[in-house]
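What follows is calculated from the coordinates using simple rules that are stated; it is not laboratory data. Everything numeric here is computed off the predicted structure, so don't read it as measured data. Reconstructed Cβ throughout: ideal geometry from the backbone, glycine too, with neighbour counts over all protein chains shown.
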Amino acid sequence: MQAELATWRPLWDFAAVLFALGIAGGLSSRDRASWWVSQGVLLLSVLIGFAAAQATHTGVDLFSLGIWVPIAWGLTVLGTLRRRVHRN
């Protein structure tokens with residue numbers, strides 16, 4: 001089990017970095033293209049994180065972890081709406 005954790009830990013860390021970059025990119029995007037790229041990065045991070053969690057903990061409940069996806073997308077949408085209000 002220790003070797004398995006050592007194998008998946010860098011992937012889990014990579015997913016956490018991508019998640020932070022996706023949120024930051026969504027909140028600081030200035031046009032639609034960059035917003036969609038940030039959402040793609042965010043989705044990729046969630047998929048990688050779920051894969052790493054499922055590989056290291058076979059009994060993990062991915063449904064309860066899935067609550068972070070709508071929260072992250074909600075934050076980026078609120079950031080986009082906030083910027084549009086301040087521009088007008």
Subject >> Descending Cα extents along the principal axes, the stretch 1-60, whole Å >> reply: 45, 17, 12
Original post:
What is the extension gain from Ala16 to Trp68, computed as 0.36 nm multiplied by their sequence separation minus the C-alpha to C-alpha distance, in nm to one decimal?
Top reply: 17.5 nm
Subject >> Estimated FRET transfer efficiency when R0 is 35 angstrom, pair Leu78-Thr7 (beta carbons, to 0.05) >> reply: 0.45
